[in-house]
1. Considering every residue within region 83-91, establish whether at least one is among the β-branched types (Val, Ile, Thr), at pLDDT 90 or above and assigned to a strand (DSSP E or B).
2. Only residues that are open to solvent by less than 70 Å² (accessible area, probe 1.4 Å), closer than 16 Å to Val95 by Cβ and in a loop (DSSP other than H, G, I, E, B): list them for region 162-177, please.
3. For residues that are open to solvent by 40 Å² or more (accessible area, probe 1.4 Å) and outside any loop (DSSP other than H, G, I, E, B), scanning just region 127-150, find the one that is nearest to Lys110 (Cα to Cα).
4. In this structure, is Gly150 touching a strand residue (DSSP E or B) at 6+ places or on another chain (Cβ under 8 Å) and within 12 Å of Trp123 (Cα to Cα)?
5. If the requirement is being assigned to a strand (DSSP E or B), surrounded by fewer than 18 Cβ atoms within 10 Å (Cβ to Cβ) and modelled with pLDDT of 90 or more, which of these qualifies: Glu159, Glu153?
6. Is there any pair with a first residue in region 73-91 that is free of Cβ contacts under 8 Å to residues at least 24 places away in the same chain and under 19 Å from Tyr120 (Cβ atoms) and a second that is part of a loop (DSSP other than H, G, I, E, B) and open to solvent by less than 80 Å² (accessible area, probe 1.4 Å) whose Cβ atoms are under 7 Å apart and which are 6 or more apart or on different chains, and what are they?
7. Considering only residues that are within 24 Å of the chain's Cα centre (by Cα) and open to solvent by less than 50 Å² (accessible area, probe 1.4 Å), which ones fall in region 104-117?
8. Can you list residue pairs whose Cβ atoms sit under 9 Å apart, with the first residue in region 116-128 being farther than 18 Å from Thr178 by Cα and without any contact (Cβ under 8 Å) to a residue 12 or more places away in the chain and the second being outside any strand (DSSP E or B) and open to solvent by 50 Å² or more (accessible area, probe 1.4 Å)? Count only pairs 6 or more apart in sequence or on different chains.
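The values are calculated or read from the model by the stated rules, or taken from the named source; none is laboratory data. All figures in this text were calculated on a predicted structure; none of them were measured in a lab. Because the Cβ atoms are built from the backbone with ideal geometry, glycine has one as well, and the counts that use them run over all protein chains shown. What goes into the accessible areas is simple: the full protein's heavy atoms, side chains included, and nothing from ligands, DNA or RNA. Shrake-Rupley method; radii C 1.70, N 1.55, O 1.52, S 1.80 Å.
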Amino acid sequence: MRSSLLAQIQHTPQTPSSRAERSIGARSARTAGRHRRAVLGLVAAAAVVVAGAGVIHAQPWAGSSNGVTNAQSRIEHAPDATRQTVQFQGGTVTVISSRSLNQAVATLNKVAATKGDTTYQGWFIKSDGPTNAGILKTDHTNRLTANVQGAKEFDITVEPAGGSQVPTKTPILALPLTTT
C-alpha cells in the first residue's frame, strides 16, 4: 500500500486543496519576491556606494584642473618654496616654485586676455637659454611644465596660439627667481 501511495503522489499535482491554502501560498510567493527584490536593491545600492568611494579615492584630483591644485599645494608646502606676486596686464601674476621639487606653478589673476590669435607663454631663463614652461591661461593656476633647476628668471611672452618652441617676442614680464 505504501508503494502504491508514493507512486500516486508522484503523479498528482501538488496544489493547495482549499481556497484559504491557495491564498496563503500566493501571498508567501509575493512576499518572497518582494524580499528578494529589496535585497537585490540594497546590494545594488551598496555596490554604487563602494564604486563611488573607489573613484573618489583613486582620483583625488577630481574637481581640479589636471592635478594642478595638488601640485600647487605640494609646492606651497615645500620647505624651500618661494612665492612672488607682481602686477601684470591689469591683474597679477603669482609664481610659486620649489627647487627641491623641481616644480612651479603660475597663477594669472584678473590678467587681460591676449588679443587675436595669440597666447601668453611662460619661460624659465637658464644659463643655456630659455626653456618652455608652457602656455598660460588667464584666471587660472597653470602647472609649469619645465624644470625649475637652474632658472634665474621667469619670463612671459605673447606667442601665436598654440605656443612656440622658442620665444618669438620680447618678454613682457621678466620676474627674477629667488634662490633658497
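1. Initially, region 83-91 is screened for residues among the β-branched types (Val, Ile, Thr), giving 85-86.
Checking the rest, the ones that are also at pLDDT 90 or above come to 85-86.
From the residues that got through so far, the ones that are assigned to a strand (DSSP E or B) too are 85-86.
Yes: region 83-91 contains one or more residues that are among the β-branched types (Val, Ile, Thr), at pLDDT 90 or above and assigned to a strand (DSSP E or B).
2. Applying the first criterion (open to solvent by less than 70 Å² (accessible area, probe 1.4 Å)) to region 162-177 yields 162-164, 167, 171, 173-175, 177.
Pick out the ones that are also closer than 16 Å to Val95 by Cβ and you get 171, 173-175, 177.
Scanning region 162-177 gives Pro171, Leu177.
3. Residue satisfying both the conditions and the ranking: His140.
4. Numbers: touching a strand residue (DSSP E or B) at 6+ places or on another chain (Cβ under 8 Å): yes; within 12 Å of Trp123 (Cα to Cα): no.
Criteria not met by Gly150.
5. Values: Glu159 fails: surrounded by fewer than 18 Cβ atoms within 10 Å (Cβ to Cβ).
It is Glu153.
6. Gly90/Val111; Gly90/Ala112
7. Correct list: Ala104, Val105, Ala106, Thr107, Leu108.
8. Gly116/Ala161
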